[in-house]
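The values are calculated or read from the model by the stated rules, or taken from the named source; none is laboratory data. Note that the structure is predicted; figures quoted are calculated from it, not measured. Here the Cβ positions follow ideal geometry from the backbone for every residue, glycine too, while neighbour counts run over all protein chains shown. Side chains included, ligands, DNA and RNA excluded: accessible areas come from the protein's heavy atoms. Shrake-Rupley method; radii C 1.70, N 1.55, O 1.52, S 1.80 Å.
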Amino acid sequence: MQKLNIFSYFKQRIKCVGFTAVLAVFVAFCLCTGIYFAATGHAASCVKSFLFILIVPALYIIEYLLGVKLTPSICALLLIIPVGSILGAGFNLYTVIPYLDTIMHTLSGFVFACFGFSVMKIFIGEPKSNRAFFAYLLFGVAFSLLIAVLWELYEFTCDALFGGDLQEDTVIKGFYSFKISGDHGAAFDASGIDKTVIHFADGREAFEFDGYLDIGLIDTIIDMAVCFLGSLIYFVLFALDWFKFNKTLNKVFIPGLTTQTVGQTAEEEQLSLFDK
C-alpha cells in the first residue's frame, strides 16, 4: 500500500475534531495578539505572535514525516508554552506573575519527556515488557533534559550575541569566590552584601541597588532544575499508569504511531489516524 502524500494526509488529519480545535484556538490567539501588538506599536511581540502561527503547519509536517499523531491533550500542553511566552513578554506577565517562567519550564519538562517516550516508539515500537517500558521512561527524562540544555544554550547565545537578558538576573545577598581569595582550597565568603554600586566608564550616572547582581546563573540552574522536576512528575505518573491505571495517561499524552496509507478501509483509517 502506498503512503498518503502530505496534502492528502493534511485533509484527513483535520477531521480529528479535538486536535484541530486545539490548533484553531492557538491560531486565533496568535492572530488576535499579533493584531493587538501591531496596533499598540509592540513590533517585536507582534512579529513573535505571527511567527508562532508557523508552529501549526510545522506540527503537521513533523507528524507526517515521523509517522506519529499528537493527541489533543499533549498538543494543548505543548502550545501553552508559546502562549506563555507571548503573555509573559508581550503583556509583562513575567513581572506580574513572578513564577510564570518557572511554571512554563516545569510544564516543558513534562511535555518533552512525553515526546522522548514517543521517540523510542518511533524507532523501536511499543514497549512489550516492564523492562522496555522503564527504558522508554528513562529516555523520556533524558530527552527532556537535553531540550532544557539546548534551550539554555540558545538563551546564552542570544544574550551574548544580541545583548538581551533571556537568562534573567537575580539579586542575591552573598556568594563564595575562589577568584577573590586566590586559593581554590578556601573560597572567600562574601555574604551579607548590603549594596552594590556600578560605575560606568563612559560617564553615565552610577547605578546602585540592594545586594549583588547574579547575571543569569541562578535563572539557568532553576530553569533546568524545574524542567527535571517536570520530567520526574512524568516518570512517576506514567509508571503508576502502566501498573495501576490501564495505560490511560499513555493514551492521552503519548503521541501514537500512524500507518496511514492509500488503500486502507474507512475503518482502518479511523483507527490508525484519528483520536477524537
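For the reader, a short list of remarks on this structure follows.
- Pairs with Cβ under 6 Å, 6+ apart, first in region 1-23 and open to solvent by 80 Å² or more (accessible area, probe 1.4 Å), second part of a helix (DSSP H, G or I): Phe10/Tyr60
- Answer residue from region 88-128, given it is open to solvent by less than 50 Å² (accessible area, probe 1.4 Å) and of a type in the set (S, T, N, Q) and is farthest from Val226 (Cα to Cα) among those: Ser118
- Residues that are touching a residue at least 12 places away in the same chain (Cβ under 8 Å) and of a type in the set (Ser, Thr, Tyr) within region 155-185 comprise Thr170, Tyr176, Ser177, listed in sequence order.
- A search for C-beta distances below 8 Å between a residue of region 70-95 that is of a type in the set (Phe, Trp, Tyr) and any residue that is open to solvent by 30 Å² or more (accessible area, probe 1.4 Å), counting only pairs 6+ apart in sequence or on different chains, returns Tyr94/Asp101.
- Scanning region 158-176 turns up no residue that is under 27 Å from Phe253 (Cβ atoms), hydroxyl-bearing (Ser, Thr, Tyr) and surrounded by fewer than 15 Cβ atoms within 10 Å (Cβ to Cβ).
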